[in-house]
Each structure stands twice: as C-alpha cells, then as structure tokens.
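Novice: Sending over a structure as structure tokens; questions will come in a sec.
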Amino acid sequence: MWDDFQQLLDYDKDEDLQRMYALLARIPEGLEPLRKKFEEHVKRAGQQAISKLVGEGGANVDSLEPKVYVDALLEVYRKNQHTVQRSFKSEMGFVAALDKACRDFVNRNAATGTSTTKSPELLAKHADALLRKSNKLAEEGELEDALNQVVCQQWCKMVFLSDFMSFRWSCSSTLMTKMSSKHSTRPNFPSVSSTMYLHPTKRKPA
C-alpha cells in the first residue's frame with residue numbers, strides 16, 4: 001500500500017489519494033505512515049528542483065538568480081500545499097509534514113551547501129529587487145501583490161524563522177513606512193508595523 005501511495009503522489013492522482021486518506025483515517029494511527037511518506041516526498045521534490053537549477057556539481061551556484069531560486073521553492077511548496085488541501089482535507093498532521101519538509105529543503109539543498117544563510121540571502125535579494133522597481137510599477141496594488149508573493153507570508157516566516165525576520169526588515173522597512181503613512185486613514189489596510197518584522201532580539205522598545 002505504501003508503494004501505491006508513493007505512485008499516487010508521483011502522478012498527482014488526487015481522487016485516489018482522497019480515497020486512500022478516507023480509508024486510513026478510520027484506523028487509529030493509520031495516517032502516520034502516509035504523513036512520513038508525504039514528508040519525504042516533498043523533501044525530494046524540493047531537493048530535485050534546486051539540483052536542476054544549480055547543475056551537476058553545483059556548476060551554476062554562483063550565477064543562480066534569486067528570483068529563479070525563490071520561484072522554484074514556491075512552486076514545490078504550492079503544488080504540495082494543494083495536495084494537502086485537496087487530497088488530505090488540510091489535516092493538521094499533513095500540514096505539519098509539509099512545513100517540516102519545506103524547512104528542510106529550503107535550508108539544505110544543492111544551492112545552500114552547508115551555509116545556514118544562503119536561502120535567506122537569496123530571498124532578501126529578490127525582495128530588494130522588487131522594492132527597487134516599486135517606482136516603476138503602475139499601481140501600488142501591483143507592488144503589494146509582488147511583495148506578498150515573494151515574502152509568502154506565513155510559510156516563509158516559519159521556514160526562515162529569526163534569520164528571515166531580520167532579512168525582511170532590512171529589505172522592506174522603507175517601503176513599509178511609506179505604505180503605512182500613505183494608508184494611515186484606511187482601517188482595513190494590512191498592518192505594516194515595522195516591529196513585527198524585526199529579529200526578536202532587535203525589536204524596538206515600546
């Protein structure tokens with residue numbers, strides 16, 4: 001059955017995955033083997049996606065474009081997030097397995113090597129590039145959508161933890177201040193308080 005589960009994941013057989021999930025959900029601890037298989041599946045997908053970018057032996061690491069790198073990470077995340085939502089009904093165990101797998105392949109892959117800061121640096125460079133183009137965007141809505149995409153709010157906060165927080169602050173504080181002041185009279189505008197993006201040890205005093 002476990003081999004069948006892997007094949008269903010490999011070929012995106014959503015309906016069959018839903019049936020297997022529904023069957024094993026009735027058995028105590030019946031889903032745990034599936035969660036572990038799914039976590040390993042996501043890890044492999046992420047590792048393979050980055051390995052394709054850097055080439056054999058890491059030949060393209062130095063020339064790796066931040067946008068290409070971030071897009072590859074997000075593509076793996078989004079595809080498997082949809083699987084969790086559609087096939088596994090957003091069950092918390094599968095959500096946790098997805099998050100754990102993403103933390104693993106984002107921070108340790110063919111591009112990062114042994115570095116613990118490579119991924120946050122590439123994400124920060126991509127965000128910075130978007131922010132530098134802000135004046136060229138026709139409408140602020142386009143900028144906000146682009147920023148939300150690269151930051152990938154909840155997922156990236158979890159994946160990069162405190163390192164990501166400090167990098168995001170360094171890249172976006174100027175833009176956030178501008179957007180906050182411009183929309184200070186709009187109560188429904190998302191909070192852009194700078195303190196929420198700071199490294200926990202670098203928060204401004206109240």
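Novice: Determine whether ALA146 is modelled with pLDDT of 75 or more and under 18 Å from the mean Cα position of the chain (by Cα). It would help to see each step written out before you state the result.
Specialist: Values: modelled with pLDDT of 75 or more: no; under 18 Å from the mean Cα position of the chain (by Cα): yes.
When the stated conditions are applied, ALA146 does not pass them.
Novice: Please give the helices (runs of 4 or more DSSP H) falling wholly within the range 2-90 in which 3 or more residues are out of contact with any Pro (no Cβ under 9 Å at 6 or more places or on another chain), open to solvent by 50 Å² or more (accessible area, probe 1.4 Å) and touching a residue at least 24 places away in the same chain (Cβ under 8 Å).
Specialist: 32-54, 66-87
Novice: HIS126 fails exactly one of the following numbered conditions: (1) at pLDDT below 90; (2) surrounded by fewer than 18 Cβ atoms within 10 Å (Cβ to Cβ). What is the number of that condition?
Specialist: (2)
Novice: Would you please list the contacts, defined by Cβ atoms under 8 Å and residues six or more apart or on different chains, that run from a residue in the range 98-125 that is free of Cβ contacts under 8 Å to residues at least 24 places away in the same chain to a residue that is not in a helix (DSSP H, G or I)?
Specialist: If the second residue must be not in a helix (DSSP H, G or I), the pairs left are LYS118/ALA111; LYS118/THR112.
Novice: When the range 91-121 is examined, which residues are found to be assigned to a helix (DSSP H, G or I), of a type outside the set (Gly, Ala, Ser) and open to solvent by 10 Å² or more (accessible area, probe 1.4 Å)?
Specialist: Within the range 91-121, MET92, VAL95, ASP99, LYS100, ARG103, ASP104, ASN107, LYS118, GLU121 qualify.
The values are calculated or read from the model by the stated rules, or taken from the named source; none is laboratory data. Keep in mind that this is a model prediction, so the values were computed, not measured. Backbone-built Cβ (ideal geometry, glycine too); neighbour counts: all protein chains shown. Heads up: the accessible areas ignore ligands, DNA and RNA and are worked out on the full protein's heavy atoms, side chains in. Shrake-Rupley method; radii C 1.70, N 1.55, O 1.52, S 1.80 Å.
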